1. Could I have the simple spin-label model distance between Ser260 and Lys230, label points 7 Å from Cα toward Cβ, reported in nm to one decimal?
2. For Thr232, Thr156, Thr13, what ranking results if the residue with the fewest other Cβ atoms within 10 Å of its Cβ goes first?
3. Over 21 Å between Cα atoms, which of Lys61/Lys242; Lys165/Lys230; Lys56/Lys230; Lys15/Lys242; Lys17/Lys242 qualify?
4. When a footprinting reagent is the concern and you count Cβ atoms within 10 Å, what order do Arg128, Arg115 take, fewest first?
5. For the chain, calculate the relative contact order in percent as a whole number, restricting contacts to Cα pairs under 8 Å that are 6 or more residues apart.
6. Nearest 5 percent is fine: what portion of the DSSP beta bridges confined to the chain is antiparallel?
7. For the residue pair Thr251 and Ile31, what label-to-label distance in nm results when each label sits 7 Å from Cα along the Cα-to-beta-carbon direction?
8. Using only C-alpha positions, report the orientation-averaged shadow area of the convex hull of segment 1-122, nm², one decimal.
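Here, each number is a calculation from the coordinates, and none is a lab measurement. Fair warning: this is a prediction, and the values are worked out from it, not measured in the lab. Virtual Cβ from ideal backbone geometry, glycine too; neighbours counted across all protein chains shown.
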Amino acid sequence: MKVAIVANNVPHTQKVKDRLIQKFIDRHFDIDQQAPDVVVTIGGDGTLLSAFHQYKDRVDKIRFVGVHTGHLGFYTDWRDDEIDDLVVSLQSDNGQSVSYPLLEVQVKYQNEAQREVYTALNEVVLRRSGTTMMTDVYIGGEFFERFRGDGLCVATPTGSTAYNKSLGGAVVHPSLNVIQLTEISSINNRVFRTLSSPMIIAPNDWITIEPEGAEDFILSVDSDSYPKSKITEIKFKVSKKKIHFAKYRHTHFWRRVQDSFIGDGYDN
């Protein structure tokens, strides 16, 4: 098995990384940062998100395993004191995996013939810098609404627990092959009306938005921002690709939600 390690720069994380590398060497694993079969991330969800984008061109060929050095994350199943057990699981690997949907984004810029294509694990956000954004929204090719507000967020099911949730979006189980559109501070009055509710979009439907007028849009794909020339159209759809996690010990999704947002105890 060829393995790669991606870790954040926190000193404790680097110590865990060094220990794991030595264990891989002792057990004759092939450490290959270029073309691995399994990518082990050490840190938190942000580290795994970074690793996903580092290997996004090979996402169909690899599986991810997350080791957390803080609190349990949505993409990390192992604690930093369990790396011996993790190595044993890797040694007895039988190729099992659990797969989650990704988001495909096609962006058309003014005066550019080719669309830019991005893939997101969590979400894509479109905003304007310092003023109201206006855009027509189409679902499945049919006009749905004219949006006015701060911006729009399109999230995957796994991303539904991130920025999308803070916007009032629904938490969606990652076994559902869907995406979610959530408004950011929409303007609703006697003149301007939007649905003002998150929408779950089926896998066979595109979301198309056509922003109006400005050249100061900021497009964010997961943790990366793309301020660029005028955006004339963006299309969103459930990607044909998926991210795969090695299924050695995969924490139940609702257990992750409960642990992250509610905790084990409650006040009477």
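1. Here the answer is 3.8 nm between the modelled labels.
2. On the way: Thr232 14, Thr156 28, Thr13 21.
Exposure proxy ranking, most exposed first: Thr232, Thr13, Thr156.
3. Values: Lys61/Lys242 10 Å; Lys165/Lys230 29 Å; Lys56/Lys230 26 Å; Lys15/Lys242 31 Å; Lys17/Lys242 27 Å.
Beyond 21 Å between Cα atoms: Lys165/Lys230; Lys56/Lys230; Lys15/Lys242; Lys17/Lys242.
4. Details: Arg128 19, Arg115 14.
Fewest-to-most Cβ neighbours within 10 Å comes out as Arg115, Arg128.
5. Values: 580 pairs, mean separation 53.3, N = 268.
Averaging sequence separation for qualifying contacts and normalising by length gives 20 percent for the chain.
6. Working: 55 of 71 bridges.
Restricted to the chain, the bridges split so that about 75 percent are antiparallel.
7. A separation of 2.7 nm, rounded to one decimal place.
8. Details: hull surface 34.5 nm².
So the Cα hull casts an average projection of 8.6 nm².
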